[in-house]
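Here is the structure we will look at, set down as structure tokens.
Taken together, the values in this text are just the output of simple stated rules run on the coordinates, not laboratory data. The structure displayed is predicted, hence computed values, not measured ones. When we count neighbours, we look across all protein chains shown, and the Cβ atoms used for this are built from the backbone with ideal geometry, even at glycine.
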Amino acid sequence: MVIKPRIRGFICTTAHPTGCAALVERHAQWERQRPAVSGGPRKVLVLGGSGGYGLASRIVSAFGYGASTLCLSFEKEPEAAKTATAGWYNNAAFDRLAAAQGLYARSLNGDAFSDATKAAVAQAIRQDLGPIDLLVYSLASPVRSDPETGIQYRSAIKPVGSPVHIKSLNVDKGVVSDVDLPPATDDEIAATVKVMGGEDWERWVAHLQREHLLAPGFATVAYTYIGSRLTWPIYWEGTLGKAKEDLDRAATALRAVLAPLGGDARVAVLKAVVTQASSAIPVVPLYISLLFEVMKRQGTHEDCLTHIDRLFRDVLYGPKTAAHTDGNGRLRVDDLELRDDTQAEVLRRWALVSTDTLPALGDLDGYRADFLRIFGFGVEGVDYDADVSPVV
Ligand code: NAD
């Protein structure tokens, strides 16, 4: 079939297998050409490794450090006349490329929150790899069933405390308008913490530790976003921020649990990028459009891959200077996004931005191009009129 993007709101319901594969290949090649490094991860489990920051972490681990990588993600398989989700194609391309390089790579599909999936992943680690030295926790999910009670929790992306009246962008239409966001109820806050907080991260580490699958010196990292005060009302001070605070709690608890192994658990604060998860958050696409325009002008722009490459080289497996760690023990690589001159310029543009001024003040084209590339569209060199099979 000829596969075209089909956009519904902030998601694209189709994905292009050739485009996704071409992009993974390009990224793997970029990473391979970076200066060789030693002393990095050897056996890595990436939870949420099929897209966004998780996929970037997997690419850096494998093609930057030569690590064996196991990925768990939750993707839809293709059908004869229906494409898979993009992550499915990314995983297939990744596993093929890694194998061609003589690297172990396996992608498992399942719900990370379930105990059955944890057992299946543990079995794969025991059988194929032996104890792992890095666990990357990069899940972004709207729902989670608590394995203890069976209750399903659904996260809410809302402010906390009072309503917020703020500018937002409809990316598809290119329209900037004010939106009113009602505050979350206590139940919605608690549910968001259940889904996106640290409980499941702790369960993963506990499960793998019980099964003796953590190597001495084991490290684990989970990703968070703090960002600019422009997005605080909907993010850091909202329901998602509450969940991310719980991730900080979990990191402290995990450091104590891992101490006997000489292990470490950290939350890494990353910059805003265009991913399936970030597209779903009101306000954030407008902020990102302005931010990207400013950072590209300042020569500090990074995408998922270049950002994670810096996290691994400079911080996780690098000198880890005091400048990279904050008072809460988090690893910080959001320094470029939060630079005073960058934020001052984004703030200045924020006051001026409207539907009419956005093309001049922001990088809407860049945002849209990044969004389409998540699904394998708009990738240079790919023939989008070709008849391709969605079944990979
Ligand atoms: P993404 O949407 O690109 O990827 C999410 C991943 O989670 C996918 O691999 C998906 O398959 C997997 N997943 C979702 N539900 C799952 C489930 N039940 N079981 C197994 N896998 C599941 O997301 P992203 O933007 O890369 O986010 C990853 C992490 O990075 C999140 O914690 C997010 O808060 C954080 N982060 C993102 C940004 C940003 O701007 N995108 C910035 C800073 C931090």
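The sole residue among Ala265, Ala215 that is away from the ligand (no atom under 12 Å from the Cβ), in contact (Cβ under 8 Å) with a residue 60 or more places away in the chain, within 30 Å of Leu129 (Cα to Cα) and in contact with a helix residue (DSSP H, G or I) (Cβ under 6 Å, 6 or more places away or on another chain) is Ala265. Exactly one of these conditions fails for Gly66: (1) more than 16 Å from the chain's Cα centre (by Cα); (2) at negative phi. Give me its number. Condition (2) is where Gly66 drops out.
Can you tell me which residue is surrounded by the most Cβ atoms within 10 Å (Cβ to Cβ) among those in the range 89-113 that are closer than 18 Å to Ala124 by Cβ and aromatic (Phe, Trp, Tyr)? The qualifying residue surrounded by the most Cβ atoms within 10 Å (Cβ to Cβ) is Phe94.
Can you tell me which of Val24, Val2 is in contact with a helix residue (DSSP H, G or I) (Cβ under 6 Å, 6 or more places away or on another chain) and either more than 12 Å from the ligand (Cβ to nearest atom) or among the aromatic types (Phe, Trp, Tyr) (or both)? Steps first, answer last, please.
Numbers: Val2 fails: in contact with a helix residue (DSSP H, G or I) (Cβ under 6 Å, 6 or more places away or on another chain).
Exactly one residue qualifies, and that residue is Val24.
Within the range 221-252, being within 9 Å of the ligand (Cβ to nearest atom) and basic (Lys, Arg) holds for one residue alone: Lys244. Of the helices (runs of 4 or more DSSP H) that lie entirely inside the range 278-392, those containing 2 or more residues that are in contact with a Cys (Cβ under 9 Å, 6 or more places away or on another chain) and either touching a residue at least 24 places away in the same chain (Cβ under 8 Å) or farther than 19 Å from Tyr53 by Cα (or both) span 364-374. Comparison of Ser73, Ser138 shows that the only residue that is within 24 Å of Lys244 (Cβ to Cβ), in contact (Cβ under 8 Å) with a residue 40 or more places away in the chain and polar (S, T, N, Q) is Ser138. Among the residues of the range 130-174, those identified as farther than 20 Å from Arg8 by Cα, among the polar types (S, T, N, Q) and in a strand (DSSP E or B) are Ser145, Gln152.
Among the residues of the range 301-313, at least one is surrounded by 14 or more Cβ atoms within 10 Å (Cβ to Cβ), within 15 Å of the ligand (Cβ to nearest atom) and basic (Lys, Arg).
Among the residues of the range 223-256, those identified as among the β-branched types (Val, Ile, Thr) and either closer than 23 Å to Ser162 by Cα or surrounded by 17 or more Cβ atoms within 10 Å (Cβ to Cβ) (or both) are Thr224, Ile226, Thr231, Ile234, Thr239. One residue stands out in the range 1-26 among those that are out of contact with any Lys or Arg (no Cβ under 7 Å at 6 or more places or on another chain) and in a strand (DSSP E or B): the one that is farthest from Val391 (Cα to Cα), namely Arg8. In the range 89-115, the residues that are among the basic types (Lys, Arg) form Cβ pairs under 9 Å with partners that are assigned to a strand (DSSP E or B), at six or more places apart or across chains, as follows: Arg96/Ala105; Arg106/Ser68; Arg106/Thr69; Arg106/Leu70; Arg106/Cys71.
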